[in-house]
Amino acid sequence: MALDARVAAVRSFNRFFTERIGVLGEGLLHTDYSLTEARVLFELGQVEAMDVADLRAALGLDAGYLSRLLSRLDDKGLLRRERSKRDARRQRVALTPADAPPTRSSTPARRPRTPSSSTACPRTPSGA
């Protein structure tokens, strides 16, 4: 199979399954958060605080996009930002205590949907 055909096949696969599992909808897993917002909240829920530059690198996000996203989450009271004590050029970000439940409840919300989604997927010709 030519490279272009393989790339097209992978993209088609990705579009099909991201649509099927619903990660590109308005609210991820029946929450008020987009997929990217949920990823940011999840990463911040794993640590006490982290540099914004490290968060950006970990998630592979554009600096401007992440800055706007963090501003929205800050406006909602979900996180706090402050200058790094070690390097004033860097900014640190951490979740506020008010956001603890949404980040922890995101995994159980996914469980009921997964089995029904997987049973609706067609089998391959090989039966795998």
Listed peptides 82-92, 40-50 by packing density, highest first (mean Cβ within 10 Å): 40-50, 82-92
Total formal charge among the other residues, if their Cβ is under 13 angstrom from that of D51, Lys/Arg +1 and Asp/Glu -1: +3
Ranked by how many other beta carbons lie within 10 Å on average, peptides 3-16, 68-81 from highest: 68-81, 3-16
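No value in this document is a laboratory result; all are computed from the given coordinates. Values in this document were obtained by computation on a predicted structure and should not be read as measured data. Positions of Cβ are generated from backbone atoms using ideal geometry, with glycine treated the same way; all protein chains shown enter the neighbour counts.
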